[in-house]
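Everything below concerns the one structure shown next.
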Amino acid sequence: MTIYASQKEFRVNVPPPPLAPADWREFLQSYSSEFLESPFLREMAEEGRDDLFASETERANRWLGYEPATEDAIAAAEQRLGIRLPPSYRNFLLVSNGWHTISYAVDLLDLTEIGWFADLEPRLMEAWSDSGAYDDWIEVLKRSVLISNDDGGSGHYLFLHADSVADNGEWTAYEWWPGDGDDPEPHADFATMVTSLWEDEKRSRAAGE
């Protein structure tokens, strides 16, 4: 089994990922506007469930994010974790310290909530270790920072692997639905993963209209 994917294995045909803080601001504002005006959210509103995906404040502000993180807050998180976070993720945090509804019911955690996968999901790690179902991935998960929370409870994880650092300082980012029985899906970096998630989400919703 190949854990470290080549660049050719990453998704293609999606817009260039945001890298600098200014790029993130533009991308996230567009993301917010498109999501808040989407047929999906209108359908949720008709069912009385739209507040699960966007609060009244978020709709009023046209922004699904939070206040920017400070450099000091990022440095404190890095000291706690014992690593330096990858550039595209750091720049995202400088625009919004976390995010509501990045992919349906999945939120991006703020700096005080992110942590090593094994520390945040000890029961899962123990169960997976005992079952042997994910033997090829246990060591990767131990060295991965979990950055998401699945409010929907369907088991959707987004994490960054600290031991797969590219020349530009970026880490391989993974999206994983373990309940589907598939391996984690790699992306070149955090920005590429977020862009791909949004494009996939839009295609999925368009197909369902």
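For the stretch 68-127, what are the residues that are modelled with pLDDT of 95 or more, open to solvent by 40 Å² or more (accessible area, probe 1.4 Å), of a type in the set (D, E, K, R) and within 13 Å of Ile147 (Cα to Cα)?
Asp110, Glu113, Asp119
Do you know which residues across the stretch 116-152 are assigned to a loop (DSSP other than H, G, I, E, B) and either in contact (Cβ under 8 Å) with a residue 40 or more places away in the chain or touching a Pro at 6+ places or on another chain (Cβ under 6 Å) (or both)? Full working, then the answer.
Initially, the stretch 116-152 is screened for residues assigned to a loop (DSSP other than H, G, I, E, B), giving 121, 132-137, 143, 147, 151-152.
Listed by number, the residues that qualify are Tyr134, Asp136, Trp137, Ile147, Asp151, Gly152.
Select from the stretch 166-179 the residues that are closer than 16 Å to Ser103 by Cβ and loosely packed, with under 14 Cβ neighbours inside 10 Å and list them in ascending order. So that I can check it myself, show each step before the final result.
Our first condition is that a residue be closer than 16 Å to Ser103 by Cβ; within the stretch 166-179, this holds for 173-179.
The one that is closer than 16 Å to Ser103 by Cβ and loosely packed, with under 14 Cβ neighbours inside 10 Å: Gly179.
Kindly indicate the residue of the stretch 39-63 that is surrounded by fewer than 18 Cβ atoms within 10 Å (Cβ to Cβ) and touching a residue at least 40 places away in the same chain (Cβ under 8 Å) and also farthest from the chain's Cα centre (by Cα) among those meeting that condition.
Pro39
Mind checking which residues of the stretch 124-143 are aromatic (Phe, Trp, Tyr) and over 19 Å from the mean Cα position of the chain (by Cα)? Let's see the steps before the verdict.
From the stretch 124-143, those aromatic (Phe, Trp, Tyr) are 128, 134, 137; that's our starting set.
Of everything in the stretch 124-143, those that are aromatic (Phe, Trp, Tyr) and over 19 Å from the mean Cα position of the chain (by Cα) turn out to be Trp128, Tyr134.
Just one of Asp136, Asp163, Asp182, Asp200 is open to solvent by 70 Å² or more (accessible area, probe 1.4 Å), touching a strand residue (DSSP E or B) at 6+ places or on another chain (Cβ under 9 Å), among the charged types (D, E, K, R) and more than 28 Å from Asp72 (Cα to Cα); which is it?
Working: Asp136 fails: touching a strand residue (DSSP E or B) at 6+ places or on another chain (Cβ under 9 Å); Asp163 fails: more than 28 Å from Asp72 (Cα to Cα); Asp200 fails: open to solvent by 70 Å² or more (accessible area, probe 1.4 Å).
None of the others qualify; the one that does is Asp182.
The values are calculated or read from the model by the stated rules, or taken from the named source; none is laboratory data. For clarity, every value in this text was computed on a predicted model and none was experimentally measured. Glycine also receives a Cβ, built like all others from the backbone with ideal geometry; neighbour counts cover every protein chain displayed. Surface accessibility is based on the protein's heavy atoms, side chains included, excluding ligands, DNA and RNA. Shrake-Rupley method; radii C 1.70, N 1.55, O 1.52, S 1.80 Å.
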